[in-house]
């Protein structure tokens, strides 16, 4: 496949089989042809809002078929599922929509989140700190390296924040799993605390959806968000679950009547169809897939620990099965140089959150008391359901070789 960028010279798109992709927490690749086929079938369709003719009705029926499947997967009602452009939009819709409702009453209230959230939540809360009638509280994760909960947001800390709040708490927003460390929070217990205190709970489940089958109502979650591109679906599409019993008005832009007036704009039928098929595939034999991912993850960690000064950061036990955020102590050069050297071997890893790569250090690493010097030695390896044993071995062999080579060069410069 070729495409053109402002010139007549063709630029070749690398084939997946030529690449060793270990950056799946940033985004996943569409691996299964059935996902692409679903998208292709609906890439050219009529407007689903016009149901007076057959082509419009066909598009509408496809959207509703997808809505019913996703609702069934989450054990919620179809009327509680809304299609959006992704989790960033969905998170903004819920948080800003709810906050705006309470700001209109001109009475002081509190909203609580963690310092570990994705920027699409964290930055919204930072922005809201300037509001006159609003107290914004950030809860830090457990920082005890000897604790099995290291890197997690502890339910008791959320409860303490609620009890110590200077005004009534109206919203708690906690992610299901962290995109950098892979730490999984005890959302069920946090949900019980919010239920007992009659507080709206929003959960960004972007990194967890597809790796786990999540039933938000069982967890007392009132609003949950996710994006398709994290489980081998298309980019630019996602979902918002919003419990119909909750009086939340997430409209932050206005226009047509699509998505029950919650999210105006013509629906992207092709991407919705692709997302639904990708989720269907992701949740097939999910427990077995996670066991396989843990086996591969353990192999990588054991091999790297044997040959390098290597340690996993954050929570080790309650962690996404595919994620390794690690600090390589004997890395002489900056991690960006390591990533570039791996890229020469067609290996893709990251230095952390894809949303933060232009900054010196993410707010997540700062929360973990990581120094600037340590941050330069951190990389993130994230596997997928399609990662093979041979790809894992290729990664380990080349990573060890390149780190040792860079370390030797650094030592020579110091002599």
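Of the residues making up the range 65-83, those that are part of a helix (DSSP H, G or I) and closer than 20 Å to residue 224 by Cβ are 66, 67, 68, 69, 70, 71, 72, 73, 74, 78, 79, 80.
Output yes when any residue across the range 340-351 is outside the structural domain of residue 187 (by TED's automatic domain parsing), surrounded by 15 or more Cβ atoms within 10 Å (Cβ to Cβ) and under 19 Å from residue 116 (Cβ atoms), and no when none is. Scanning the range 340-351, I find at least one residue that is outside the structural domain of residue 187 (by TED's automatic domain parsing), surrounded by 15 or more Cβ atoms within 10 Å (Cβ to Cβ) and under 19 Å from residue 116 (Cβ atoms), so the answer is yes.
Can you confirm whether residue 67 is surrounded by 16 or more Cβ atoms within 10 Å (Cβ to Cβ) and in contact with a strand residue (DSSP E or B) (Cβ under 9 Å, 6 or more places away or on another chain)? Here the answer is yes, as residue 67 does meet what is asked. Looking across the range 282-291, the residues that are outside any helix (DSSP H, G or I) and surrounded by fewer than 16 Cβ atoms within 10 Å (Cβ to Cβ) come down to 284, 285. Got a sec? Which of 221, 300, 294, 272 is surrounded by 24 or more Cβ atoms within 10 Å (Cβ to Cβ), at pLDDT 95 or above and in a helix (DSSP H, G or I)? Step by step, each of 221, 300, 294, 272 is checked, and only 272 is surrounded by 24 or more Cβ atoms within 10 Å (Cβ to Cβ), at pLDDT 95 or above and in a helix (DSSP H, G or I). Just one of the listed residues (362, 371, 384) is crowded, with 17+ Cβ neighbours inside 10 Å, in the same structural domain as residue 316 (by TED's automatic domain parsing), out of contact with any helix residue (DSSP H, G or I) (no Cβ under 6 Å at 6 or more places or on another chain) and modelled with pLDDT under 95, and it is 362.
Results for (1) touching a strand residue (DSSP E or B) at 6+ places or on another chain (Cβ under 6 Å); (2) closer than 19 Å to residue 238 by Cα; (3) outside the structural domain of residue 208 (by TED's automatic domain parsing); (4) surrounded by fewer than 18 Cβ atoms within 10 Å (Cβ to Cβ), shown as yes or no for each residue.
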residue: 82; (1), (2), (3), (4): yes, yes, no, no
residue: 88; (1), (2), (3), (4): no, yes, no, no
residue: 92; (1), (2), (3), (4): no, yes, no, no
residue: 99; (1), (2), (3), (4): no, no, no, no
residue: 105; (1), (2), (3), (4): no, no, no, yes
residue: 111; (1), (2), (3), (4): yes, no, no, no
residue: 132; (1), (2), (3), (4): no, no, no, yes
residue: 166; (1), (2), (3), (4): yes, no, no, yes
residue: 178; (1), (2), (3), (4): no, yes, no, no
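Here is a yes/no grid of residues against (1) in a strand (DSSP E or B); (2) at pLDDT 95 or above; (3) crowded, with 18+ Cβ neighbours inside 10 Å; (4) at negative phi:
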position	(1), (2), (3), (4)
137	yes, yes, yes, yes
141	no, no, yes, yes
150	no, no, yes, yes
153	no, yes, yes, yes
163	no, yes, no, yes
172	yes, yes, yes, yes
189	no, yes, no, yes
198	no, yes, no, no
207	no, yes, yes, yes
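Residues of the range 180-197 that are farther than 11 Å from residue 158 by Cβ, free of Cβ contacts under 8 Å to residues at least 40 places away in the same chain and in contact with a strand residue (DSSP E or B) (Cβ under 9 Å, 6 or more places away or on another chain): 195 alone.
The values are calculated or read from the model by the stated rules, or taken from the named source; none is laboratory data. Predicted model, so just to flag it, every value in this text is computed and none were measured. Backbone-built Cβ (ideal geometry, glycine too); neighbour counts: all protein chains shown.
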